[in-house]
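The values are calculated or read from the model by the stated rules, or taken from the named source; none is laboratory data. Just so it is clear, the structure is predicted and the values come from calculations on it, not from any experiment. Quick reminder, even Gly has a Cβ in these numbers, built from the backbone with ideal geometry, and neighbours come from all protein chains shown. All accessible areas refer to the heavy atoms of the entire protein, side chains included, with ligands and DNA or RNA removed. Shrake-Rupley method; radii C 1.70, N 1.55, O 1.52, S 1.80 Å.
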Amino acid sequence: MQSDNGVPLQSAAKVPILVNFDVETDINSEKSYTKQQEQTSLTMGCIFKVGDDCRQDLLALQVIELSRDILKSVGLELWLDPYGVIPTGFERGIIQVIPRCKSRTQLGELHDGGLPEIYRRKFGPERSESWKRARHNLIISLAGYAVVSFLLWSKDRHNGNIMINDDGHLLHIDFGFILE
């Protein structure tokens, strides 16, 4: 574990705590006592929540995963990325931290020019290949999450619940208010 573990996160009524774990994984998929296993270490984060019904998040993420599979099976290039949630009891659970992402709020604190400015600073000039790829990723993820948000009647959409990853994809998190 790292020294910055147990970081409380900002929330109006809940008590979320972020904990990072150093995880060692075997690179070789076959188990063999004759080969020496190569190991690599990575950091995974989890948010432990109390006072939040994580079963709703789990339901929403199951719909997102099913929608992703359906859209892919009919040949639509829309991007959705469900993350892990484990309800552990009444109004409590564990939520996977999405790696390589920042919320729109976090990005807005760094850049005042909106999404176009964020994308220019992060991915380069507008005509560059990296910017075009990131814009494409934004478009296909915006379309995918628009479909799912409509199906789920998602509420509580604000810049803290919208994430942007290092590839330019947009993701929605926190589905405590759906189907209302």
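Overview of results
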read-out	value
Test set (1) over 25 Å from residue 150 (Cβ atoms); (2) in contact (Cβ under 8 Å) with a residue 40 or more places away in the chain; (3) surrounded by 15 or more Cβ atoms within 10 Å (Cβ to Cβ) - residue 44 fails condition number	(3)
Positions within the range 53-91 being surrounded by fewer than 17 Cβ atoms within 10 Å (Cβ to Cβ), over 22 Å from residue 136 (Cβ atoms), without any contact (Cβ under 8 Å) to a residue 60 or more places away in the chain and of a type outside the set (A, V, I, L, M, F, W, C), in sequence order	55, 62, 65, 84, 88, 89, 91
Every residue from the range 111-130 that is in a helix (DSSP H, G or I), without any contact (Cβ under 8 Å) to a residue 40 or more places away in the chain and open to solvent by less than 30 Å² (accessible area, probe 1.4 Å)	114
Qualifying position, being under 21 Å from residue 93 (Cα atoms) and of a type in the set (Gly, Ala, Ser), among 160, 168	160
Qualifying positions in the range 79-116 - more than 18 Å from residue 158 (Cβ to Cβ) and aliphatic (A, V, I, L, M)	80, 85, 86, 94, 97
Output for the range 136-180, where each listed residue is at pLDDT below 90, among the aliphatic types (A, V, I, L, M) and surrounded by 17 or more Cβ atoms within 10 Å (Cβ to Cβ)	178
Filter pass, residue 133 being open to solvent by 60 Å² or more (accessible area, probe 1.4 Å) and closer than 27 Å to residue 42 by Cα	yes
Matching residues in the range 49-88 - criterion: being at pLDDT 90 or above and either more than 18 Å from the chain's Cα centre (by Cα) or assigned to a strand (DSSP E or B) (or both)	70, 71, 72, 73, 74, 75, 76, 77, 85, 86, 87, 88
